[in-house]
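Chemist: Okay, here's the structure, questions in a sec.
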Amino acid sequence: MSRPELTGAAANFYNDTEARKYDTNSRMIGIQAEITKRALELLQLDTSFPNFILDVGCGSGLSGKVLEEAGHYWVGLDVSRDMLNVASERESSIKGDLAHHDMGTGLPFRSASFDGMISISALQWLCYSNSSKQVPKRRLVRFFSALYGVLKRGARAVLQFYPETPEQAVLISECAAKVGFAGGVVVDYPNSTKAKKHYLVLSFDRGYSTPKGLQSSAQSGVRVDSSTSSKRVKVVKKKGKGKTKEWIEHKKDVQRKKGFENVRKDTKFTGRKRKDKF
Amino acid sequence: MRLLTHNTLQSPLTSSYPLRITATEIKYIKSSGLMPEEGEKDFVKNLMEKKKLEWSGVVGGWRDLKEIVERDLKGEVEGIEIPETQPRPNDPSYTKTLKSLHILLLEIHVITGTLVDSSNERVFKIEGGIPNMILLEDEIE
């Protein structure tokens, strides 16, 4: 998978041509809409009245469109002016408003302004530094502490992001826990490379436990909690042995979940050694 | 930029509130999708009753825009009345204020102009209806 984050600043990557491409790509539109719907579901808003939502990294307003369809009003922030230009041309944008801002420098809103916050495919940009003055961790903490301020008490935030490495997901969750948020990462379709999506769900409620990810049997993901976040996650690699019966069964299981059809059945012969003379 | 957004914006540097608006171009966009709805479903009414509006921001925004609205949107927007203090639901002028708020917060757009932080005179430009709140990395501590 290509990672535009590695090529430089978001404001440079999403220039006019790239922004237009993004906005008219039907695959992109479909994916973004789907993610936004899932994010709204995870947000668990009180829908008896129209909510006022903050959309960080709103881009060309694809996510805003979904918010509007759900009856909410929104304000979108983005660091790319070209993306915002495309968004402002969108005619249907009657309930949304835009501002040009870099989330790594905080949020320009008074306290308790919003009923909820979503961010679609934007948070991972904060993990990269594009100048000597940008320190990823400091930018993340600055963003989360600003977010803590602008949300109404009891509101939630859902941030979908693409971590490059598991360490990035841990770093992000640690920064969120540091400013006082509770919550965790929900991973949808953890067994698929393409459909796999990470959602960081944040809440003010200390006892808040994150909803389960879609189509996942095992509990996966990292929990944000002040008490556990300081512990390092150690990856212990097993050596030798090779292909045990468990390993084979697991591998077949993963393939079945991915939807492969030609996976051999598990039988009593699975993982058995052949006779020496064959 | 709508006044609804202005109502939430504060200076990212000094937390000064509200930001002073100087508008050179404004636009009135009437939209059927924004019509006031019944009861709880109405966004503006909801903002008022759940105390989500900062009244000083509404008053400040209207004070800054009044002149240009009366000059440029003559015939389109009329009869906006914003009291100095936030009215209560049983005040006689309440429904009228709601109507005014609906137009002021949702239907008037500032296209070109500036937002000024009155504590240090830092200027944030508004171009094409989008305020530029970008800070330089040097400006943050």
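The values are calculated or read from the model by the stated rules, or taken from the named source; none is laboratory data. All figures in this text were calculated on a predicted structure; none of them were measured in a lab. Here the Cβ positions follow ideal geometry from the backbone for every residue, glycine too, while neighbour counts run over all protein chains shown.
Chemist: Pick from segment A:44-86 the residues that are more than 12 Å from every other protein chain (Cβ to nearest Cβ) and part of a loop (DSSP other than H, G, I, E, B): which of them is farthest from A:A157 (Cα to Cα)?
Modeler: A:S60
Chemist: Which one of these is assigned to a helix (DSSP H, G or I), among the small types (G, A, S) and away from chain A (no Cβ under 14 Å): B:S100, B:S118? I'd like the intermediate steps shown before the answer.
Modeler: Details: B:S118 fails: assigned to a helix (DSSP H, G or I).
Among B:S100, B:S118, only B:S100 is assigned to a helix (DSSP H, G or I), among the small types (G, A, S) and away from chain A (no Cβ under 14 Å).
Chemist: Looking at segment B:6-37, which of its residues are of a type in the set (D, E) and in a loop (DSSP other than H, G, I, E, B)?
Modeler: Hit for segment B:6-37 is B:E37, nothing else.
Chemist: Separate question: Quick one: A:E41 ticks every box in (1) in contact with a Gly (Cβ under 7 Å, 6 or more places away or on another chain); (2) in a helix (DSSP H, G or I) except a single one, so which number is it?
Modeler: So A:E41 meets the others, but not (1).
Chemist: Kindly check whether there is at least one residue in segment A:144-162 that is over 25 Å from A:D46 (Cα atoms) and in a loop (DSSP other than H, G, I, E, B).
Modeler: Going through segment A:144-162, the residues over 25 Å from A:D46 (Cα atoms) turn out to be A:162.
Cutting the leftovers down to in a loop (DSSP other than H, G, I, E, B) gives us A:162.
For segment A:144-162, residues over 25 Å from A:D46 (Cα atoms) and in a loop (DSSP other than H, G, I, E, B): present.
Chemist: Tell me which residues, restricted to segment A:163-209, are under 21 Å from A:M103 (Cα atoms), in a loop (DSSP other than H, G, I, E, B) and among the hydrophobic types (A, V, I, L, M, F, W, C).
Modeler: Within segment A:163-209, A:V179, A:F181, A:F204 meet the criteria.
Chemist: Would you be able to say whether some residue in segment A:202-222 is closer than 26 Å to A:R38 by Cα, modelled with pLDDT of 85 or more and basic (K, R)?
Modeler: Looking for residues that are closer than 26 Å to A:R38 by Cα, modelled with pLDDT of 85 or more and basic (K, R), one finds none in segment A:202-222, hence no.
Chemist: Based on this model, can you work out whether A:S121 counts as among the polar types (S, T, N, Q), at positive phi and more than 8 Å from every other protein chain (Cβ to nearest Cβ)?
Modeler: Taking the combined requirement at face value, the residue satisfies it.
Chemist: Now, a different point. Among the residues in segment A:97-112, are any under 15 Å from A:S203 (Cα atoms) and touching a residue at least 12 places away in the same chain (Cβ under 8 Å)?
Modeler: Checked against the condition, which is being under 15 Å from A:S203 (Cα atoms) and touching a residue at least 12 places away in the same chain (Cβ under 8 Å), segment A:97-112 yields at least one hit.
Chemist: Something else: Go through B:T95, B:T14 for me and flag whichever is farther than 22 Å from A:A112 by Cβ, more than 10 Å from chain A (Cβ to nearest Cβ) and more than 17 Å from the chain's Cα centre (by Cα). Walk me through it before giving the result.
Modeler: Details: B:T14 fails: farther than 22 Å from A:A112 by Cβ.
On inspection, the qualifying residue turns out to be B:T95.
Chemist: Now for a separate question. Out of the residues in segment A:1-57 meeting the condition of being of a type in the set (S, T, Y) and surrounded by fewer than 17 Cβ atoms within 10 Å (Cβ to Cβ), tell me which one is nearest to the chain's Cα centre (by Cα).
Modeler: Our first condition is that a residue be of a type in the set (S, T, Y); within segment A:1-57, this holds for A:2, A:7, A:14, A:17, A:22, A:24, A:26, A:36, A:47-48.
Remaining after also requiring surrounded by fewer than 17 Cβ atoms within 10 Å (Cβ to Cβ): A:2, A:7, A:17, A:24, A:26, A:47-48.
Values: A:S2: 17, A:T7: 20, A:T17: 25, A:T24: 22, A:S26: 21, A:T47: 23, A:S48: 27 Å.
This residue is A:S2.
Chemist: In segment B:49-68, how many residues are surrounded by 18 or more Cβ atoms within 10 Å (Cβ to Cβ), more than 12 Å from chain A (Cβ to nearest Cβ) and not acidic (D, E)?
Modeler: So the count comes out to 6.
Chemist: Condition test on A:M28, is it more than 8 Å from chain B (Cβ to nearest Cβ), in contact with a helix residue (DSSP H, G or I) (Cβ under 8 Å, 6 or more places away or on another chain) and at pLDDT below 90? Quick ask: steps written out before the conclusion?
Modeler: On the way: more than 8 Å from chain B (Cβ to nearest Cβ): yes; in contact with a helix residue (DSSP H, G or I) (Cβ under 8 Å, 6 or more places away or on another chain): yes; at pLDDT below 90: yes.
Yes.
Chemist: Let me confirm something: among A:L107, A:L98, which residue is in a loop (DSSP other than H, G, I, E, B) and within 11 Å of chain B (Cβ to nearest Cβ)?
Modeler: From the options A:L107, A:L98, the qualifying one is A:L107.
Chemist: In segment B:123-139, what residues are part of a strand (DSSP E or B), more than 7 Å from chain A (Cβ to nearest Cβ), surrounded by fewer than 19 Cβ atoms within 10 Å (Cβ to Cβ) and not basic (K, R)?
Modeler: Across segment B:123-139, the qualifying residues are B:V123, B:E127.
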